[in-house]
Amino acid sequence: GEELDQLFAGDNPRQSVIDALLDRHGTGRVLFRNTRAAIQGFPERRPDPEPLPCPAMYEGQASGIQGLTPEQLVPEEQWLADDPRVEWLEKKLIGLRPAKVVVICASAQTAMVLEHYLQLRAGIRSAAFHEHLSLIERDRAAAYFADTEQGAQALICSEIGSEGRNFQFAHHLVLFDLPANPDLLEQRIGRLDRIGQTEAIDIHVPYLSGTSQEVQFRWFHEGLNAFAESCAVGVAVQEALQAQWQQAIDGDLDVADGLVEASADEATRLKTLLQAGRDALIELNSCRPEVAEDLIAAIEDEESEARVRDYMMEAFDILGVDVEDHADHSDILRPGEQYQAGHVAELPEDGITVTWDRQNALEREDLAFMSWEHPMVTGVMDSVTSSGLGKAALASLSVKALPPGTLLMEALFTVHCPAPEALQLTRYLPVSPLRLLVDVNGKELSGALPHDRLNEMCSNIRRRTAQAIVPQIRPQVETMVDHVERLSEPHLEPLKSQALEQLEASFGPEIRRLEALQKVNPAIREEEIDFFRDQFEAAKEAIGHASLALEGIRVIVTA
């Protein structure tokens, strides 16, 4: 009754009721399934086949599974000279300049030989990427390929070596050979076909005519349509038609047409079953575009590149960190001559290259991404708030309404609430500081002179002049400190009350939700509910002991 009334009282009662029903009677709290069809942002895939004549050296070796990679059966100098795919690749890369190209082949040996050939004989900037490289060597190769100015045009990857790496900044993929397994093909294409890919992907497929490579290409392309779209049923189709597929791969080209046709029919049948087998409850409980878009927009706004960079640039200037432009959205940071050690975490002696752009960071794994959560940024903020740095300032102000020598004090207070970090009380307590502006008599003037307007009117006072003024005005400053502390006291209780209301709004529904779930779901343990109750009580007690802390003052002298 009461809970239903609360649900109907919201802005979107229908969705609130659906959410509550899903929570109580749905698929559970940890089961989600998002499909490509439900998520936008995947690029178009454009297959670009290139049939090539089979050289005589592969005679007797061009059928069966071995026919998919016949170069592994002959000396490297021979296949480099006579395999038409090598010459085709060289011309293709030259024709695509300066576009970045990922080349994938089955074995590390093939990748190394191809990269050596392209680099030294064809004069094409390239890097090898395979499982025999150390993690650091792979990072270097990826960084060299990602460099837009002096980097490699082509990255030659092996099947295993490219696992787990994403190169969505590249838009051309060359499949030097084709795998036997459809899932491996999807894995290869997935190196570029990801959310965040900004352009259509061109998939270049050279294959040797009249060989198992041609059969495999036709099967992937005409039977499964696996180049143009993601195919979730490829392995199931292969298992269903294993004998026919093996016969075609082994050289019986007469069955290839039948294999392609049967595969297309089986793929259609399995996709229909897959679609019919969708669990509506799971999908309702998975990606919700409206909620996701609002969340993404909030994160993007919070992560504003300009705000983070402006803040850190000002901090670096004060803390003695030298900043050197590196490339678009990235800088090199080094300790300068006036560097204040201990204030900037994560800054090595030889410097660090950072980027302020998330997309750039996704494409360049060698760059540190500077967001509000980066240890260097949080370290600077903690250093500023916990030390005496920047806690007091002296400024001058020219206003006709105030006689020269008048003193004003601008004070900033924050809510101080000692509590374990696990309680995350910053979610409920105000982040923005409390600002007060008073004169020597304790008159509150913050409403008449907002912070931004006051900033525009104030001028800095030279250090030497300030050192001469401070001893003369010390008694008045101490009096004004007493005034602002007295004036701040009435502001504390409303802040605590607001925090307690938010705390109740967060924990109350969650505790009631778990209690209701426990009645229909024995998997909900009493310990889970007790945990939230204890957290709620501990947070209430901590907020009850909150106080206001004077964080900084600015004394303003009228001229």
Looking only at segment 461-476, decide whether some residue is under 38 Å from the mean Cα position of the chain (by Cα), at pLDDT 90 or above and more than 30 Å from residue 386 (Cβ to Cβ). no
Name the pairs whose Cβ atoms lie under 6 Å apart, with the first residue in segment 337-365 and touching a residue at least 40 places away in the same chain (Cβ under 8 Å), the second part of a loop (DSSP other than H, G, I, E, B) and surrounded by fewer than 19 Cβ atoms within 10 Å (Cβ to Cβ), and 6 or more positions between them or separate chains? 356/329; 357/329
Scanning segment 370-389 for residues that are in a helix (DSSP H, G or I) and hydrophobic (A, V, I, L, M, F, W, C), which turns out modelled with the lowest pLDDT? 384
Subset of segment 60-99, residues over 18 Å from residue 215 (Cα atoms), buried (at least 20 other Cβ atoms within 10 Å of the Cβ) and in contact with a strand residue (DSSP E or B) (Cβ under 9 Å, 6 or more places away or on another chain), comes to 83, 89, 93
Selection from segment 510-559 of residues at pLDDT below 85 and surrounded by 12 or more Cβ atoms within 10 Å (Cβ to Cβ) yields 513, 516, 517, 518, 521, 524, 559
Given the structure, is residue 429 within 30 Å of residue 537 (Cβ to Cβ) and in contact with a His (Cβ under 9 Å, 6 or more places away or on another chain)? no
Failed condition for residue 109, given (1) over 25 Å from residue 330 (Cα atoms); (2) in contact with a Cys (Cβ under 9 Å, 6 or more places away or on another chain), with all others met? (2)
Among (1) without any contact (Cβ under 8 Å) to a residue 12 or more places away in the chain; (2) surrounded by 15 or more Cβ atoms within 10 Å (Cβ to Cβ), which single condition is residue 329 missing? (1)
Here's a check for you: in segment 246-290, which residue that is over 16 Å from residue 216 (Cβ atoms) and in a loop (DSSP other than H, G, I, E, B) is modelled with the highest pLDDT? 288
Counting only residues that are more than 30 Å from residue 465 (Cβ to Cβ) and touching a Gly at 6+ places or on another chain (Cβ under 9 Å), which one in segment 348-400 is surrounded by the most Cβ atoms within 10 Å (Cβ to Cβ)? 363
Would you pick out the residues in segment 510-559 that are small (Gly, Ala, Ser) and under 28 Å from residue 414 (Cβ atoms)? 538, 539, 542, 544, 546, 547, 549, 552
Positions within segment 120-171 being of a type in the set (Gly, Ala, Ser), modelled with pLDDT of 90 or more and under 20 Å from residue 184 (Cβ atoms), in sequence order: 128, 158, 170
Would you pick out the residues in segment 522-559 that are in contact with a helix residue (DSSP H, G or I) (Cβ under 8 Å, 6 or more places away or on another chain), assigned to a loop (DSSP other than H, G, I, E, B) and in contact (Cβ under 8 Å) with a residue 12 or more places away in the chain? 546
Taking into account only those residues within segment 213-243 that are in a loop (DSSP other than H, G, I, E, B) and over 12 Å from residue 260 (Cα atoms), which is nearest to the chain's Cα centre (by Cα)? 230
Listed residues 412, 425, 434; which is under 30 Å from residue 504 (Cβ atoms), surrounded by 17 or more Cβ atoms within 10 Å (Cβ to Cβ) and touching a Pro at 6+ places or on another chain (Cβ under 6 Å)? 412
Determine whether segment 198-212 contains at least one residue that is in a loop (DSSP other than H, G, I, E, B), closer than 24 Å to residue 53 by Cα and touching a His at 6+ places or on another chain (Cβ under 7 Å). no
Can you list the helices (runs of 4 or more DSSP H) found entirely within segment 75-159 that contain at least 2 residues being over 25 Å from the mean Cα position of the chain (by Cα) and in contact (Cβ under 8 Å) with a residue 24 or more places away in the chain? 76-82, 84-96, 108-120
Considering segment 166-189 alone, what residues qualify as being assigned to a loop (DSSP other than H, G, I, E, B) and farther than 19 Å from residue 143 by Cα? 176, 177, 178, 179, 180, 181
Given the residues 208, 178, 173, which is the only one that is touching a Cys at 6+ places or on another chain (Cβ under 8 Å) and buried (at least 21 other Cβ atoms within 10 Å of the Cβ)? 208
First in segment 489-503 and assigned by TED's automatic domain parsing to the domain that holds residue 415 and within 15 Å of residue 425 (Cβ to Cβ), second anywhere and assigned to a helix (DSSP H, G or I) and not basic (Lys, Arg), Cβ under 8 Å, 6 or more apart: 496/543; 496/544; 499/425; 499/543; 500/543; 503/536; 503/539; 503/543
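The values are calculated or read from the model by the stated rules, or taken from the named source; none is laboratory data. These numbers were taken from a predicted model, which means no experiment stands behind them. Note: ideal-geometry Cβ built from the backbone for every residue, glycine included; neighbour counts use all protein chains shown.
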